[in-house]
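Worksheet for the structure shown next.
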Amino acid sequence: MTKLLVRFIFAALVFSFSFSFAENTDDLIKNAAQQAKSGKLEKASLTLSKAQKNAKSENEKTQIDEVYQSIIKAYLRDLDYVSAYDVQKKRIKNLEDLYETKAQKKIDALEKKIKSNNKQLEKEKTKEEVKPKENKNKEETKNSNNSLLLWLIIVALLVVLIWVYLQKNKLISTLKNQLNTNSVEPSNTLKTNTTDYKVVELNNKINYLQQQLELKEKNIQTTTEANNKLQRELESLKTELQKVEEKPIAQPVIVETEKTNTSLSLQNYILPRSEFVKHLFGQHFVFNTLANNNSLYWFDSIEGRVYFAIAHYTNNSTTNSELNFILFSLLNRAIHEYGKEKPAEILRQVNANWQEFVGLENEESLIKQEIAMSVCCYNIFNNQLEYAGANNSITIIRDKTPEEKALYVLNADTEYINTKSAEKQFAFTNQVVETKHGDRLFLMNVAIENAQVNNQLQQVFLQHSNSPIAETQAQLNKLSLPETLVIGIDI
């Protein structure tokens, strides 16, 4: 009797503990949501981590993911990418648990169905044993049909398990890949593509995304090292400034040095690494004779689509390196935060956000500034190239005959990205080209009206089109060109 009483008390304690455990998990999720809304992001993240450890049900894990999304959005609005990356890693772990829970439910349901079919087969076998021998042939036929049904169910179960595993890996790789582009839209990353892909095509995409993730992780390490170097430079400058306070006459030199070092650090941070570009396209070159930072080039990729752009400021300014950082952020936001896929849509979004930025700053130098830009999107799966330009064209060299090359120019719209347009939503033209093997693409920071430089460059491109692309770069080095930025790519 005493043992029964002890067991009853122990069971009651376990039940009350599990009830309070579940209740505490819900309270933690609600507290984290309230802390995120009030701006206490670090506390919200810690509270949500506790809730994540206690969460067992699918509903709790889904609520935790929603709160993680709101925290990441808040960090991105504050441009705190490091904190956003830390929270995103926690969110990925939560998503893995959530997908495992869903997959386990499907597996349990299929196992129940198999057990039910097995029981039904046993009943039918029992009935068939009782039947007369004259029905023996019919019984054998039924047995073979039932065995075939069982094998079909097992095959279907294996197909479902493979599909769940592939979808899970694809989602995790996509989330990590999009985060490292400095501007992530978390809600978009949860959208899974329900289209039935061929197995070969899906495997190619997964391999491509995994390779891209490795490069992104290397970029994060390089960015961290650059940030640490910049921090050391700032600390050194602060020390020098304290010494200069006793010598006012030398102060302007220190201030200019600080500004120059900061501009160079920003410029080096946003320019893509050559290893990343080589991974995307292989043979390419970047020809740069700029004495200042009045031009920018940019590369990014999402799920088999490679985006790249070149931009040029018409008005030279000492703040162009800072403007490059702003334009770099606007391009990333256009594809990651606003979900724009076509180059014309990206230009349209950048134009609108640029005008909003200038309106907030309200500086005369920004109001007069005009930007010429080309934006391209290359789809590695169907070999399509999409292009849109704001007063900046691109050039394509391709085979006209087996022995002769031809030069084609994709003309841009004559509208700049600026504040002079009466309408923010200028409709840029989106052009689509079916690329061929051997095509060579060139982007330049030369406006349409500069016909002399355009013709000079195009002549060099065509003359050396049958040689390796490095030969074109070597010939450009021999020319006396003004401040010029050229990107050459072999498709």
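The values are calculated or read from the model by the stated rules, or taken from the named source; none is laboratory data. Everything quoted here is computed from the prediction, not taken from an experiment. Here the Cβ is made from the backbone with ideal geometry for all residues, glycine too, and neighbour counts use every protein chain on show. The area values use the complete protein model at the heavy-atom level, side chains included, leaving out ligands, DNA and RNA. Shrake-Rupley method; radii C 1.70, N 1.55, O 1.52, S 1.80 Å.
Assorted remarks:
- Mean Cβ count within 10 Å, highest first, over the residues of peptides 89-96, 462-469: 89-96, 462-469
- L290 paired with L121, simple spin-label distance in nm, labels 7 Å along Cα-to-beta-carbon: 6.9
- Distance violations [Cα-Cα > 32 Å] among K89/K340; K53/K105; K40/K216; K53/K168; K218/K340; K106/K342: K106/K342
- Cα-projected label distance for V160 with L360, points at 7 Å along beta-carbon direction, nm: 4.9
- For region 27-83, accessible area per residue (1.4 Å probe, heavy atoms of protein chains only), Å²: 57
- Pairs from K56/K170; K170/K436; K61/K115 whose Cα-Cα separation, in the structure shown, is over 27 Å: K170/K436; K61/K115
- The order of the peptides 326-339, 158-171 by mean Cβ neighbours within 10 Å, most packed first, is 326-339, 158-171.
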